[in-house]
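A.B. asks: I'd like to ask some things about the structure below.
The values are calculated or read from the model by the stated rules, or taken from the named source; none is laboratory data. What you see is a predicted model, and the numbers here were worked out from it, not measured in a lab. FYI the Cβ positions are ideal-geometry reconstructions off the backbone, even for glycines, and counts take in every protein chain you see. Protein only, heavy atoms only, side chains kept; ligands, DNA and RNA dropped before computing areas. Shrake-Rupley method; radii C 1.70, N 1.55, O 1.52, S 1.80 Å.
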Amino acid sequence: MENILVQKYGGTSMGSIEKIRHIAEMIISFKKQNEHMVVVVSAMAGETDRLIALTKSITEMPALKEYDSIFATGEQVSAALLAMTLQSMRYNAESYLGFQVGIRTDAAHSKAKILSIDTQKIYTELDKGKIVIIGGCQGISPEGNITTLGRGGSDLTAVAVAAALGAKACEIYTDVSGIFTADPRICSDARKIEKISYEEMLEMASTGAKVLERRSVACAMNHSVRLYVRSSFEQGQGTLVCEEDPTMENILVSGITHDKKESRISVRGDLGVKGGVANLFSHIADKNIVVDMIVQNIPDEEAKSSISFTVPKEDRIQAVQIVKDLYKDAHVTWNDSISKISIIGAGMRTHAGVAATMFDILAKENIDIKMISTSEIKVSCVIEEKYTELAVRLLHEGFQLAKKKS
Ligand code: ADP
Ligand code: ASP
Ligand code: MG
């Protein structure tokens, strides 16, 4: 089927009945130019937080199958409200939950992976002239249970649906007018980027730029989905995420990101014979906990091993428990008041000294670096959480991001 457009509207865009009406009007104007429209929606602003708080009021570690059943209701409500609004405007629209359009996932509740999408159902509904509205961030496990994809996962639903349907583009509508050189809520002089490579955007998303969920960018990159980020509230071209082109390589640093969502866990003691580290991280991986940074001190003969690593804050309790169960005599500490600051740019491949400049900018303000990690196009530093905003602004200014022309 040709000429399919997939759009996704985020929580703030769906925040009230008034806003849903505005979104419905936008969709109607797009429908006039596009034969087939598929719209993925998030829960209304604040709703997912409310639902998660409800589960946490019962237990810190809820049974994840029940957690997913509760989480998914946020998108169920917003999808149906949008469909009703379009119907009341005399448009042929219908809402569907993940399982109703065959979004099959694995059974990793609360962070499930999409395995396949049954496109036939969607094609059939589009063929009837319907605007297909899908509740984002959810699917169905092989056992037939409702699963969710993790926070921000509606972006992934939209991109995966666009890839599966062979859509001409996937447009993510949100509360900012595109992807900026830093979070515009922290850096008032952050600049909108016209075009960014999948690879740079993947690093930005992985290091905290929540404007796009990390796996949605990976999915777009793997399936060459033309991905736009635009505002629901003002007109504009937004930002295009696409293949790298030669002009992008000249940009040394494209963006600064920050992430306050990680905790650091440190373990000191006898981690056992060879393979101790592998053993530790395979137990953590078994619980689907994603470890980001790892720093190990290789001990001399007398000294004890020491290893520090970061995990998402919501997984810290479970990760600490795993470590304690494995190494009963080890000394385990953790710190939730850290943040990770990163600089990202394709130009780092060809320019030396970028990391040194970053360390220098932080050192001049006496901001201590607690951990460092790098990739070909990224440098990340863990610092004390209280310095996050200051560090972002200093780096944004230090790398002259506000002044550059696009
Ligand atoms: P939605 O509810 O539409 O999914 P999100 O809150 O998930 O929206 O993402 C949009 C937010 O991402 C913006 O309000 C902005 O504060 C934040 N953000 C962080 N980094 C960036 C960046 N580099 N560019 C644009 N927005 C960013
Ligand atoms: N509503 C979910 C969340 O707040 C999913 C999403 O918005 O993408 O994380
Ligand atoms: Mg989001």
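A.B. asks: Applying 1/(1 + (r/R0)^6) with R0 = 51 Å to the Cβ-Cβ distance of residue 25 and residue 298, what FRET efficiency is obtained, to the nearest 0.05?
C.D. replies: Efficiency, rounded to the nearest 0.05: 0.25.
A.B. asks: Something else about it: Send over a whole-number figure in Å² for the accessible area per residue of the chain, probe 1.4 Å.
C.D. replies: Per-residue accessible area for the chain comes out at 46 Å².
A.B. asks: Within the P(r) computed for region 162-291, what percentage of the Cα pairs occupies the region above 17 Å?
C.D. replies: Beyond 17 Å sits 65 percent of the P(r) for region 162-291.
A.B. asks: Then there's this: In debye, nearest 20, what is the charge dipole magnitude of region 202-288 about its Cα centre with +1 on Lys and Arg Cβ and -1 on Asp and Glu Cβ, if you could check?
C.D. replies: 480
A.B. asks: Could you list, bin by bin from short to long, the percent of Cα-Cα pairs of region 1-91 in 5 Å steps?
C.D. replies: Spelled out bin by bin, region 1-91 gives 3, 13, 22, 19, 15, 11, 8, 5, 3, 1 percent.
A.B. asks: Residue separation times 0.36 nm, minus the C-alpha to C-alpha distance between residue 270 and residue 118: what's the value?
C.D. replies: Taking 0.36 nm per residue and subtracting the Cα distance, the gain is 49.7 nm.
A.B. asks: For a quick check, take a GNM of the chain with Cα springs below 10 Å and name the residue from 340, 261, 386 with the largest mean-square fluctuation.
C.D. replies: Most flexible of the set in this elastic network: 386.
A.B. asks: Can you tally the net charge around residue 67? Count Lys and Arg as +1, Asp and Glu as -1, for every other residue whose Cβ sits under 15 Å from the Cβ of residue 67.
C.D. replies: Net local charge, residue 67 excluded: -2.
A.B. asks: Something else about it: Kindly count the pairs of lysines across region 306-374 whose alpha carbons are less than 25 Å apart, treating pairs on different chains or eight or more residues apart as eligible.
C.D. replies: Within region 306-374, the lysine pair count is 7.
A.B. asks: Follow-up. Averaged across orientations, what area in nm² does the convex hull of the alpha carbons in region 218-334 project?
C.D. replies: With the hull built on Cα positions only, its mean projection is 11.7 nm².
A.B. asks: At 222 nm, what value in deg cm²/dmol follows for the chain if DSSP H runs of at least 4 each add -39500 (n - 2.57) and the sum is divided by all its residues, to the nearest 500?
C.D. replies: My calculation for the chain gives -10000 deg cm²/dmol from helical runs alone.
A.B. asks: Cut-off 10 angstrom, C-alpha nodes, Gaussian network model of the chain. Which of 292, 329, 360 fluctuates the most?
C.D. replies: In this elastic network of the chain, the residue with the biggest mean-square fluctuation among 292, 329, 360 is 329.
A.B. asks: With +1 on the Cβ of every Lys and Arg and -1 on the Cβ of every Asp and Glu, and nothing else charged, how large is the dipole of region 194-348 about its Cα centre, in debye rounded to the nearest 20? Write down the numbers at each step before the final one.
C.D. replies: Values: 18 positive and 23 negative charges, 112 e Å.
Computed charge dipole of region 194-348: roughly 540 debye.
A.B. asks: So, one more: Rounded to whole Å and sorted largest first, what semi-axes of the equivalent ellipsoid does the C-alpha gyration tensor of region 107-191 yield via the square root of 5 times each eigenvalue?
C.D. replies: Calculated on Cα positions only, the semi-axes equal 29, 19, 10 Å.
A.B. asks: Return a whole-number percent for the relative contact order of region 1-86, with Cα pairs under 8 Å and 6 or more residues apart as the contact set.
C.D. replies: RCO, region 1-86: 37 percent.
A.B. asks: Taking 51 Å as R0, compute the FRET efficiency from the Cβ-Cβ separation of residue 3 and residue 364 and round it to 0.05.
C.D. replies: Calculated value: 0.40.
A.B. asks: Then there is this: Between 248, 89, 293, find the one with the highest GNM mean-square fluctuation for the chain; connect C-alpha pairs within less than 10 Å.
C.D. replies: The residue that fluctuates most here is 89.
A.B. asks: Turning to a different aspect of this structure: Where does the charge balance sit around residue 288 when Lys and Arg score +1, Asp and Glu -1, over other residues with C-beta under 11 Å from its C-beta?
C.D. replies: It works out to a net charge of 0.
A.B. asks: Have a look at 369, 53, 132 and report the one farthest towards the positive end of the charge dipole of the chain, computed about the Cα centre with Cβ charges (Lys/Arg +1, Asp/Glu -1).
C.D. replies: Checking the options against the dipole of the chain, the answer is 132.
A.B. asks: Mind jotting down the distance between the C-alpha centroids of region 113-176 and region 1-78, whole Å?
C.D. replies: 11
A.B. asks: Can you give me the relative contact order of region 169-292 as a percent, contacts being Cα pairs under 8 Å and 6 or more apart?
C.D. replies: 30
A.B. asks: Follow-up question, since we're still on this one. Averaging over all projection directions, find the projected area of the Cα convex hull of the chain and quote it in nm² with one decimal place.
C.D. replies: That works out to 21.4 nm².
A.B. asks: Number of Lys-Lys pairs in region 46-199 under 23 Å by Cα, sequence gap 8 or more or different chains?
C.D. replies: 10
A.B. asks: In whole percent, what relative contact order does the chain give with Cα contacts below 8 Å and a gap of six or more residues?
C.D. replies: 14
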